1. Of E41, E188, which has the most accessible area and how do the rest follow, probe 1.4 Å?
2. How much of the accessible area of region 36-93, in percent, comes from carbon and sulfur atoms when a 1.4 Å probe is used?
3. State whether region 281-380 is rounded, prolate or oblate according to the following rule on the C-alpha gyration tensor (a ≥ b ≥ c being the square roots of its eigenvalues): a/c under 1.5 gives rounded; otherwise a/b larger than b/c gives prolate, and the remaining case gives oblate.
4. Using only protein heavy atoms and a 1.4 Å probe, report how much of H268 is accessible, in Å² to the nearest 10.
5. Which order do K69, K187 take when ranked by solvent-accessible area (1.4 Å probe, heavy atoms of all protein chains), largest first?
6. In nanometres, what is the gap between the two model label sites at R66 and S237, each 7 Å from Cα along Cα-to-Cβ?
7. Simple spin-label model, 7 Å along Cα-to-Cβ: V291 to E270 in nm?
Amino acid sequence: MDTRLSRVTTVSSRAKCQSTLSYAAIRAPRTAEERHQPLDELYAIYLELIDPRNQWNPGIAHRIRRIGKSWSARHESVFPLIEALRGRLADLLASTTPEQETNDEHWFLIRTHEISSRISLELCLGFENSRLVRPARPGTGPGARPAALLSAFLTGTPTSRPVDAGSPGTPQSGYCVVAVRSDGWDKEAAVAALDRLGGPGTVTMLSADGGYALLPAHDDAASRTLCERLHAELDGSVWLAAGWRRTTELADAKPHVDDILALALALHSEPAVYWLDDFPVEYAAIRTPAVAELLLNLIEPVVSRPLLLLTLEALIGAGGNRSRAAKQLAVHYSTIDYRLRRIEVFTGHSPLSTPGLNLLSTAFAVHVLATRGSDVAPEAAGF
């Protein structure tokens, strides 16, 4: 139970362990031509850092930022490069087998996530810093996207002063922070909609299936209006998890919207805009270790029986409607009734009663978040 519960916390809090992984299985790019490509330069840096004998240092950060600066001179967005690096690392993880399956695989996955996130951050900072010192191109509006804003949001490092995200001399008081998950959309159209609605100072970090956006907004009410307009303009099935933060409070914004998005997806919520007040009980549960452990213990007998877990998930997705759940599972009503009675026997709570279903839904959501690892938001952009 302690292992599963610990997955609710951040990766950084779990990364202090040792490894005997065989690094011989990891191969560097083969040709000189490949090594001159930005993607292969970043991959080579990853190969350096995955070896625990090598530590992060300012020189490595400078190399990555130089790549970001070079990329900025030729491209409008840095995120295709980040996506390509993530794809290469995904292929690597799929083909690399640690010597000790339990401890080393766990360490290797954590280490890879940690390194790729740090590389992505430094790459963005190099890209954005370059944009800050260049004159604005016609039609791009005043100002530029600040590197400090990205750093505060992605690293969770507080910024002590307002960041100028718009016109010179006009510090932005706050941001509508949005985590996005898409089931088929036009990414370029989404970026255009975000930039248009958010105006100068909008930061978008999107890929094919989602990502993040920070839109200038003065308060919570303005953020809600902005998100409703945004969702109405986006094509496809899109889930938005949002929250408003002052500029100096961006450090905790990412885990906040990550958790809200994860809850919306875990509970099979319809594509829409979601806020903390949509999942107050579930959110409080996952942020309170004692409560989370209690709920994980409650749902354990169901989790260990795949048919019962599948049935409970279908019932939650159907909003408690047995007929819809039975149709989704392609089983007879008597079969689903039998399974629901078994769930009541094992948990002491009937999924056919409103209080029982609410409690079991919360426990199910905590289970999903506790077993899905630390990445609750879309894998877009490597953050």
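The values are calculated or read from the model by the stated rules, or taken from the named source; none is laboratory data. Note that this is a predicted model, so its numbers are computed, not measured. Heads up, the Cβs are rebuilt from the backbone with ideal geometry, glycines too, and the neighbour counts pull from every protein chain shown. Accessible surface is based on the protein model in full, side chains and every heavy atom, while ligands, DNA and RNA are left aside. Shrake-Rupley method; radii C 1.70, N 1.55, O 1.52, S 1.80 Å.
1. E188, E41
2. 54 percent
3. Since a/c reaches 1.5 and a/b is larger than b/c, the shape of region 281-380 is classed as prolate.
4. Around 80 Å² of this residue is reachable by solvent.
5. K69, K187
6. That separation, rounded to one decimal, is 4.6 nm.
7. 2.7 nm
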